[in-house]
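For reference, the structure discussed in these notes is given below.
No lab work stands behind these numbers, since they all come straight from the coordinates. Small disclaimer: the values here were computed from a predicted structure and weren't measured. Neighbour counts are summed over all protein chains in view; Cβ atoms, including those assigned to glycine, are modelled from backbone coordinates with ideal geometry.
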Amino acid sequence: MDPKSAAAAVASSIRDRHSSIQQDDASDARAPFKQPFVIGVAGGTASGKTTVCNMIIAQLHDQRVVLVNQDSFYHSLSDEVVKKVHEYNFDHPDAFDTEMLLSCMEKLKLGQEVSIPDYDFKSHKVTGTARKVNPSDVIILEGILVLHDPRVRDLMNMKIFVDTDSDVRLARRIQRDTVERGRDIQNVLEQYERFVKPSFEEFILPSKKYADIIIPRGGDNDVAVDLIVQHIHTKLGQHDLCKIYPNIFLIHSTFQIQGMHTLIRDVKTTKHDFIFYADRLIRLVVEHGLGHLPFVERQIITPTGSVYPGVVFCRRLCGVSVIRSGESMENALRACCKGIKIGKILIHGEGNNGRQLIYEKLPSDIASRHVFLLDPVLASGNSAVKAITLLLSKGVPESNIIFLNLIASPQGIHAVCRQFPKLKIVTSEIDSSLDENLRVIPGMGEFGDRYFGTHDDTFAPPK
């Protein structure tokens, strides 16, 4: 395909995607697709993965949960291979039909029923029957190598590695394979030494670095499992809000983002470190927010003389910061959008509910611009509602407002999204709740005081 044809094809794809986005925005009444929450549980052979999964399922009794075992996706062995099965490595990635596993998991994430193969460990073949699995709120994928393939990892919302002593795992494997799978103990030991142990060290143990959570001692670690379930409940709450409101955009969590949140939330973090890591998170949120601007297609010529089918985003932008903590986000916005105009809004709290507009200075042509509303914490939503109402009164279309913050509470999201369904909210984490003083829990304290170093013993009314 020549460069111009390739460019035209890509441009057509961009147009289709842009058209789809516009149709989604125009159809406010359409319910968003409810994707399940996917948890991957990996670990060495007989480490207690299934026990951990069952403990998690038992505590998630208020959710629809389905367990998918990687073992179901072993390749069937030919009769010739079965005759020399003791020479076959069942712990190697090639032993699994990963393509079929991916297909089943992707269908479940799309809300489709799937058929999970039934693998017979005595005959080493897939039987003619299959297990029907319906889409659920939570999908747990368990297996020794579920964290090995990046395509499988990318499907997961949470990744767990069960870490158990190798001697304990060997003893469990001997008992399982001799009792449940009818194997000879000598063959089990030979297979372990020849295949299981080397594969663990080459493929399984290295995948531990991709885990969000590591559980020492497996199912014997009740405390770790309890903490994981609490975390899952919190994440499910965030997940549910994104299902309810299609205008909520939660940036994808990574180890870097979790690490930065850990630092800025820690009460012991110094002012210097708080500012440094808060600025990094703010920059990520701003960059993500820019991705929600409308764009037009533009083909350009690269220095190699090739045609590149690209896009150019809307340039009529402005920022509006809610004084004072919102001003901490201005530098990141200026760094991403050179010369951008920035307005100010000062809102004073009156008790826990009332909000009074004290000051506003906005660009005179703000009605014709896309507006980034800046406030790092969305708590009760009262100040946000006041600020958004002001922008609407100035003629800014609701769909032209993108509200950027670092953390948001469920109460604040409800307050804003119910009243302004066309506005977009971009945040890096959704916390669990508000306390009696309307402070976000677990939160990060008074953001403005920590960022600007202006601590006050008197608690300021929350936003």
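What translational diffusion coefficient, to the nearest whole µm²/s, does the chain have by Stokes-Einstein, given a Kirkwood radius computed over alpha-carbon pairs, a temperature of 10 °C and 1.306 mPa s viscosity?
Once the numbers are plugged in, D ends up at 63 µm²/s.
Classify region 37-232 from the C-alpha gyration tensor, please: rounded if a/c falls under 1.5, else prolate or oblate depending on whether a/b exceeds b/c.
oblate
State the antiparallel share, in %, of DSSP beta bridges confined to region 37-232, rounding to the nearest 5.
So the antiparallel bridges in region 37-232 amount to around 25 percent.
Relative to the present Cα-Cα distance, how much length would full extension add between N54 and S76 at 0.36 nm per residue of separation?
Gain on stretching N54 to S76: 5.2 nm.
Assuming 0.36 nm per residue, please report the length gained on full extension of the stretch L102 to D365 beyond their Cα-Cα distance.
Result for the pair: 89.7 nm of gain on full extension.
In what sequence, highest mean first, do 304-317, 432-445 appear when ranked by Cβ atoms within 10 angstrom?
432-445, 304-317
Which residues does a label at I213 reach in region 252-294, if reach means a backbone N under 17 Å from a point 7 Å past the Cα toward the Cβ?
Zone members listed by number: 253-255, 258-259, 262.
Please give, to one decimal in nm, the separation of the simple spin-label points placed at E87 and V267, each 7 Å out from Cα toward the Cβ.
Calculated label separation equals 6.5 nm.
Give me the percent relative contact order of region 37-232, please, defined on Cα pairs under 8 angstrom at least 6 residues apart.
36
Please sort 170-181, 392-403 by packing, taking for each peptide the average over its residues of neighbouring beta carbons within 10 angstrom, highest first.
392-403, 170-181
Using a basic spin-label model with each label point 7 Å from the Cα along Cα→Cβ, how many nm lie between E193 and D165?
Using points 7 Å along Cα→Cβ, the separation is 2.2 nm.
Enter the Cα centre distance for the pair region 372-448 and region 223-275, rounded to the nearest angstrom.
Result: 17 Å between the Cα centres.
Please list, ordered by chain and number, the residues whose modelled amide H lies under 5 Å from the amide H of K159; skip anything fewer than 5 residues away on the same chain.
Here the answer is G40, D212, I213, since their amide H atoms fall under 5 Å of that of K159.
Under 5 Å between amide hydrogens, which residues at least 5 positions from I342 or on another chain qualify, with H placed 1.01 Å from N in the peptide plane?
Amide H neighbours of I342, under 5 Å, 5+ apart: G319.
How much FRET efficiency would the formula 1/(1 + (r/R0)^6) give for K243 and D94, where r is the Cβ-Cβ distance and R0 is 45 Å, rounded to 0.05?
The computed FRET efficiency comes out at 0.75.
Could you work out how much longer the chain between I323 and T234 gets when fully extended? Use 0.36 nm per residue separation minus the Cα distance between them, nm to one decimal.
Extra length available between I323 and T234 comes to 29.0 nm.
What is the mean projected area of the alpha carbon convex hull for region 368-460, to one decimal in square nanometres?
Orientation-averaged projected area of the Cα hull: 6.4 nm².
State, as an integer percentage, the relative contact order of the chain based on alpha-carbon contacts under 8 Å between residues 6 or more apart.
15
Given a Förster distance of 25 Å, report the FRET efficiency between F295 and T254 from their Cβ-Cβ distance, rounded to the nearest 0.05.
0.50
Looking at region 245-452, what % of its DSSP beta bridges pair antiparallel, to the nearest 5?
Here the antiparallel bridges make up roughly 40 percent for region 245-452.
Can you compute the modelled spin-label distance between V223 and K338, with each label point 7 Å from Cα toward Cβ, in nm?
Computed distance between label sites V223 and K338 equals 5.4 nm.
With a Förster radius of 41 Å, plug the Cβ-Cβ distance of R151 and R316 into 1/(1 + (r/R0)^6) and report the FRET value to the nearest 0.05.
After rounding to 0.05, the efficiency reads 0.55.
Just rank T270, T389, fewest to most, by other beta-carbon atoms within 10 angstrom.
T270, T389
Run lengths n ≥ 4 of DSSP H only: what is the helix-derived mean residue ellipticity at 222 nm for the chain, with -39500 (n - 2.57) per run over all residues, to the nearest 500?
-11000 deg cm²/dmol
Express the relative contact order of region 352-439 as a whole percentage, based on alpha carbon pairs under 8 Å and six or more residues apart in sequence.
Across region 352-439, relative contact order equals 33 percent.
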